[in-house]
Amino acid sequence: MPIPSALITLLLGMALVLAGLWVGYNVSLLPVDASSNAPVYDALFRVLFSIGTILFIGIVGLLLFSLVRFRRREGDLADGAAIEGNLPLEIVWTAIPAVVVLFVGIYSYDIYERMGGMTPLNDHSAMHANHSALGSAEQPGTAAAIQAGSVSIQAAAVAPTGDGPSTGDGKPPSRVWAGIGAGSDQQGALSVDLTAMQFAFIFHYPQANIISGELHVPIDRQVALRMEARDVIHAFWVPQFRLKQDVIPGQPTLLNFTATRPGTYPIVCAELCGPYHGGMRSSVVVHEPADFEAWLSKNTPAPPPTVASSNSTPTA
């Protein structure tokens with residue numbers, strides 16, 4: 001007795017889904033994960049990769065089968081059968097993509113929300129609260145006063161611009177990208193100012209008065225990265241952190257993240273920003289806590305010498 005075509009279709013569909021899931025969850029195309037954002041993003045990627053694999057194998061497989069099964073035979077000069085349509089088939093090939101797109105949209109929104117993408121829309125007060133809390137230690141002209149011999153481009157990089165709309169206290173409002181776990185340890189977050197310019201990233205640690213061309217952060221500690229561009233739109237991208245955020249002139253942006261794996265990872269500008277865009281790169285170095293404290297101590301500039309005052313009256 002011949003096997004019903006419906007049963008064959010069901011079995012092939014199950015095999016196709018299992019094959020797609022296996023590929024999606026066992027074939028890794030991503031770099032090593034090194035931040036708390038990475039597992040959440042990777043979960044979405046695995047789902048999308050599985051769906052893409054199922055669609056690719058299914059469509060290519062059906063196409064190859066049709067080319068072989070329904071090819072013109074030698075000596076066959078007749079026209080093909082006149083088929084008006086197949087309502088059940090049309091419903092199926094419309095319903096399945098609709099369900100897949102709806103699922104991907106809802107799941108992607110959930111991931112975006114969990115990574116903090118909806119924070120500026122859901123809580124406008126968070127923009128001002130985070131900006132004020134993290135910017136209180138920074139005063140105008142701090143960078144220029146760090147060292148008398150500082151390079152002028154570095155001093156210009158971290159000095160406040162005053163561009164953009166004011167919040168009422170003279171500071172432009174921040175765009176907040178909360179990140180995974182943001183807010184749970186906001187008081188203990190490491191505050192770093194990032195200035196993007198053609199064609200470099202400059203990092204300023206306001207609490208230690210350190211200016212660096214590399215980003216140094218401790219492992220398992222939240223980092224609050226306040227980003228601002230000096231000229232055109234740039235993008236801060238660390239593939240291992242699964243973070244990519246535009247840096248816009250006149251619009252400070254707050255990006256929170258937590259590194260989870262020690263090492264050195266590339267920072268890439270992912271926005272075409274000029275003729276030397278391809279060379280706008282830096283590195284983020286993730287330290288163990290003790291190593292990070294040692295780096296801070298080594299790079300913190302020495303305080304300026306003070307002149308001792310004397311209250312004694314000189315004698316003749």
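Kindly indicate which of 247, 268 is under 20 Å from the mean Cα position of the chain (by Cα), among the hydrophobic types (A, V, I, L, M, F, W, C) and modelled with pLDDT of 95 or more.
Details: 247 fails: modelled with pLDDT of 95 or more.
Every option except 268 fails the conditions.
Test residue 21 against the stated conditions and say whether it is buried (at least 16 other Cβ atoms within 10 Å of the Cβ) and within 28 Å of residue 244 (Cα to Cα).
So residue 21 fits the description; yes.
State all residues of region 28-38 that are free of Cβ contacts under 8 Å to residues at least 24 places away in the same chain and either touching a strand residue (DSSP E or B) at 6+ places or on another chain (Cβ under 7 Å) or exposed (fewer than 11 other Cβ atoms within 10 Å of the Cβ) (or both); if no residue qualifies, say none.
29
With the condition being more than 24 Å from residue 209 (Cα to Cα) and in contact (Cβ under 8 Å) with a residue 12 or more places away in the chain, I'd like the strands (runs of 3 or more DSSP E) fully within region 226-313 carrying at least 2 qualifying residues.
Ranges flagged: 234-238, 243-247, 263-269.
Would you mind finding the one in 305, 314, 262, 301 that is at pLDDT 95 or above, over 13 Å from residue 200 (Cα atoms) and surrounded by fewer than 18 Cβ atoms within 10 Å (Cβ to Cβ)?
Numbers: 305 fails: at pLDDT 95 or above; 314 fails: at pLDDT 95 or above; 301 fails: at pLDDT 95 or above.
Answer to the check: 262.
The values are calculated or read from the model by the stated rules, or taken from the named source; none is laboratory data. Source: prediction; values computed, not measured. So basically every Cβ, Gly included, is an ideal-geometry build from the backbone, and we count neighbours across all protein chains shown.
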